[in-house]
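The values are calculated or read from the model by the stated rules, or taken from the named source; none is laboratory data. Since we're looking at a predicted model, the values are computed, not measured. A quick note on method: Cβ atoms are made from the backbone with ideal geometry, for glycine too, and the neighbour counts reach across all protein chains shown.
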Amino acid sequence: MHELGITQNIIAIVSENAQGKKVQRVLLEIGKLSAIIPDAIYFCFDICAKGTIVEGAILEIMEIPGIAKCHYCNEEIYLEKPFGRCECGNTHLELISGEELKIKEIEIEELCV
Amino acid sequence: MCVTCGCSDSEETKITNLEKNQVAHYHSHTLADGTVIRHAHEETPHLHAKIHNTTINLEQDILAKNNLIAAQNRGWLNEHNILALNLMSSPGAGKTTLLTRTINDLKQQLTISVIEGDQETANDAEKIQQTGCKVIQINTGTGCHLDASMIERGLKQLNPPLNSVVMIENVGNLVCPALFDLGEQAKVVILSVTEGEDKPVKYPHMFRASQMMILTKIDLLPYVQFDPQKCIAYAKQVNPEIEVLQVSVTMGIGLATWYSWLNRKVGNSVL
């Protein structure tokens, strides 16, 4: 359950960047090969946000597909797991996307005067 | 201040339509090249008191803080010519047994100190202490892995000597520790033959992150259904670069190869 620690990190980073204002929405980018389960983050989010300026914020997660480039034939292939085999038979793959673990943007409440 | 575009109210022209109860704001902006842009917003007056949201682009890596501290640890270790290895496995694979034997066998050649990670108890640290080496225990409580800041604090407590080796025995877990850089020079995954031979494909993140896989308890091979070749093939499928060693600590099999790997690593880091 490293997602609990990760979610605590998310709340801390969001709180630091929210300029003391109430947070309405948090958008994360999570790669499919990142070893982080979005459902577990959703599960932990409300619990971790309780009592902070992030409490009540909507959590959105954008899942980034896993893509790797084959070292031999340069072909790009989609991966569901952090390893695989290219059609040419090679397993030396370089992951080019899918390992993201990022807070993309946050939306804060602004009261206008 | 105008809430829609953020420009100052001071020069604004207001046109009020009493019939519709609408106010139109006119603004003019002077750009750097002297161009004057005029534009208008039409809105009802009460809109000025409404709450609206601002989006902030963060683009921030969630593990950035851990990675930064890990980089600082790595720098500190390099400056002190210390080789740090992060040993990971599931519980019971034989990390502590491998460590105590290694420390005892290499006493004359290498100074090894140990950071022990467990959820609870100092049992492992006590076992290591019996070898006479410096050791500190980190109890993570509910935490399932060590992180870079724990190692930062651990290194301060441990105060390992120059030109030495620090073995970090992570919490027994094949999932979470793979994600957290501690500042080590290499991750070593330990897998015993009493486990499933397909663990590399079941826990691919761990085996992908590791530079070396050590198969332990190979003296038990006659009694268990474990095909080392299959296991190695799985590991190479996940990580074609992974190096593999097969050892039995209690029978002393394969340890010489492990020690020469270790000495090579020390030679590379301690100049």
Among the residues of region A:27-39 satisfying the criterion of being crowded, with 18+ Cβ neighbours inside 10 Å and hydrophobic (A, V, I, L, M, F, W, C), which is farthest from B:MET206 (Cα to Cα)? A:LEU27
Quick test for you: out of A:VAL54, A:VAL113, pick the one residue that is among the aliphatic types (A, V, I, L, M), part of a loop (DSSP other than H, G, I, E, B) and modelled with pLDDT of 95 or more. A:VAL54
Residue that is of a type in the set (A, V, I, L, M, F, W, C) and assigned to a strand (DSSP E or B), where the choices are A:ILE13, A:ILE6, A:ILE36, A:ILE108: A:ILE108
Single unsatisfied condition, B:ALA235 versus (1) among the hydrophobic types (A, V, I, L, M, F, W, C); (2) within 13 Å of chain A (Cβ to nearest Cβ); (3) in contact with a Lys or Arg (Cβ under 8 Å, 6 or more places away or on another chain): (3)
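Residue-wise test of (1) of a type in the set (A, V, I, L, M); (2) away from every other protein chain (no Cβ under 14 Å).
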site	(1), (2)
B:LEU63	yes, no
B:ILE69	yes, no
B:GLU79	no, yes
B:LYS95	no, yes
B:GLN109	no, yes
B:ALA125	yes, yes
B:ILE128	yes, yes
B:GLY141	no, no
B:HIS145	no, no
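Rundown of residues vs (1) in contact with a Phe, Trp or Tyr (Cβ under 7 Å, 6 or more places away or on another chain); (2) surrounded by 16 or more Cβ atoms within 10 Å (Cβ to Cβ), yes/no style:
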site	(1), (2)
B:ILE190	no, yes
B:GLU197	yes, yes
B:TYR203	no, yes
B:ALA209	no, yes
B:MET213	yes, yes
B:LYS230	no, no
B:ALA235	yes, yes
B:VAL238	yes, yes
Scope region A:40-90; condition touching a His at 6+ places or on another chain (Cβ under 9 Å), surrounded by 16 or more Cβ atoms within 10 Å (Cβ to Cβ) and either farther than 23 Å from A:ILE30 by Cα or away from every other protein chain (no Cβ under 13 Å) (or both); matching residues: A:CYS86
Residue, surrounded by the most Cβ atoms within 10 Å (Cβ to Cβ), within region B:137-188, restricted to residues that are under 14 Å from the mean Cα position of the chain (by Cα) and β-branched (Val, Ile, Thr): B:ILE151
Criterion first (out of contact with any Leu (no Cβ under 8 Å at 6 or more places or on another chain) and assigned by TED's automatic domain parsing to the domain that holds B:SER90) does B:GLU241 satisfy it? yes
Please go through region B:61-94 and pick out each residue that is modelled with pLDDT under 95 and basic (Lys, Arg). B:LYS65
It is to be established whether one or more residues within region A:12-26 are within 13 Å of the chain's Cα centre (by Cα), surrounded by fewer than 15 Cβ atoms within 10 Å (Cβ to Cβ), closer than 29 Å to B:GLY143 by Cβ and more than 9 Å from every other protein chain (Cβ to nearest Cβ). no
Listed by range, helices (runs of 4 or more DSSP H) wholly within region B:83-167 having at least 3 residues that are touching a residue at least 40 places away in the same chain (Cβ under 8 Å) are B:95-105, B:148-158
Does any residue of region A:46-59 turn out to be among the aliphatic types (A, V, I, L, M) and either in contact (Cβ under 8 Å) with a residue 60 or more places away in the chain or within 30 Å of B:SER210 (Cα to Cα) (or both)? no
Limited to region B:189-202, what total is found for residues that are within 14 Å of chain A (Cβ to nearest Cβ) and either within 16 Å of the chain's Cα centre (by Cα) or of a type in the set (Val, Ile, Thr) (or both)? 1
Being touching a residue at least 40 places away in the same chain (Cβ under 8 Å), within 28 Å of B:PHE180 (Cα to Cα), within 8 Å of chain B (Cβ to nearest Cβ) and not charged (D, E, K, R) is the filter here, so list the residues in region A:91-113 that pass it. A:LEU101, A:ILE103, A:ILE106
